[in-house]
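Report on one structure; see the data block that follows.
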Amino acid sequence: MLNIILFGPPGAGKGTQSDRLIKKYNLVHFSTGDILRGEIKKQSKLGLEAKKNIDKGELVPDSVVISMISEKIDENKTAKGFIFDGFPRTTPQAEALDKLLAEKGTEINVMLALEVEKDELVKRLLNRGKDSGRTDDQDISIIENRIKVYLSETAPLTEYYARQGKFYGVEGIGTVDEIFEKLTFVTDKF
Ligand code: AMP
């Protein structure tokens, strides 16, 4: 299996690059953000609860996203590999993911981290908010909070994977093709 974490702050381009990587390697894509937005659309209990956090730019509780991912892994027993996009976002999530994959006899091969400066992220998110209708992309204070939460709770995960020799940082500036080429230069080795 090829199991990739596509990592980076909000607005780094994880979704765009995930779409390309899935096609190239025939992987199953899990975006916790997309799954949560689906739950909000369905107005499920989980979705309505998560919306309270999402609307403030805070993280949804670990237990919620971990059980969502666990379910998705179980539903895809014949997958050639997974791309995790927007997950893990905290150390307990990373530890839970390692455990879930180990139970399946597999592991994360690589964390690809898209690196983009804050001013550029804010610009991209506000632009995306105009098209996507995502309310968390339309409000500067929510955006600022998401970036702050990323820096305090999520960014330390680069150390977690670096300790396992799995961290690769890639500059997330340039055309979609240029960035994709840099990512696949790493993933082609697996
Ligand atoms: P995203 O689409 O990845 O930017 O996620 C949108 C929002 O969903 C985030 O700001 C969080 O509130 C929530 N979310 C998505 N993934 C996670 C996660 N792994 N852990 C906690 N909250 C998450």
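Centre-to-centre separation between the Cα atoms of the stretch 98-160 and those of the stretch 1-18: 9 Å.
Strictly over 25 Å apart at the Cα level, which of K77/K182; K24/K189; K45/K99; K23/K118; K123/K189; K42/K123 would you flag in this model? Table pairs above 25 Å Cα-Cα are K77/K182; K45/K99; K23/K118; K123/K189; K42/K123. Cross-link partners among aspartates and glutamates for K166, C-alpha distance below 14 Å, same-chain residues fewer than 8 apart left out? The qualifying aspartates and glutamates are D98, E107.
Taking amide H as placed 1.01 Å from N in the peptide plane, the amide H of G86 sits under 5 Å from that of L6, each at least 5 places away or on another chain.
Counting charges near Q17 (Lys, Arg +1; Asp, Glu -1) among other residues having Cβ under 15 Å from its Cβ returns a value of -2. Rounded to the nearest whole Hz, the Karplus-based 3J(HN,Hα) values (6.51 cos²θ - 1.76 cosθ + 1.60, θ = phi - 60°) of the stretch 27-35 follow the sequence 9, 9, 9, 10, 10, 5, x, 5, 4, with x at glycine and proline. Fully extending the segment from T16 to F190, taken as 0.36 nm per residue of separation minus the present Cα-Cα distance, adds 60.5 nm. Stretched out straight at 0.36 nm per residue, the stretch from K24 to I173 would grow longer than its current Cα-Cα span by 51.5 nm. Computed on the stretch 2-181, with alpha-carbon pairs under 8 angstrom and 6+ residues apart, the relative contact order is 35 percent. Of the trypsin sites (Lys or Arg not before Pro) found in the stretch 56-138, those in coil by DSSP whose Cβ has at most 16 other Cβ atoms within 10 Å are K56, K77, K80, K104, R134. Stretching the chain fully between K182 and S141 yields a gain of 11.5 nm (0.36 nm per residue, less the alpha carbon separation). Coupling constants for the stretch 111-120 follow from the phi torsions by the Karplus curve (6.51 cos²θ - 1.76 cosθ + 1.60, θ = phi - 60°), and in residue order they are 9, 9, 10, 7, 10, 9, 6, 4, 4, 5 Hz; glycine and proline get x.
Remark: the stretch 2-181 projects, on average over all directions, an area of 9.9 nm² (convex hull of Cα atoms). Modelled spin labels at E75 and N127, positioned 7 Å past Cα toward Cβ, are 3.2 nm from each other. Ellipticity at 222 nm from helices only: DSSP H runs of n ≥ 4 in the chain, each -39500 (n - 2.57), divided by the residue count, give -17000 deg cm²/dmol.
Every read-out reported here was derived from the displayed coordinates using simple, explicitly stated rules and does not represent laboratory data. None of these values were measured; they are calculated from a predicted model. FYI the Cβ positions are ideal-geometry reconstructions off the backbone, even for glycines, and counts take in every protein chain you see.
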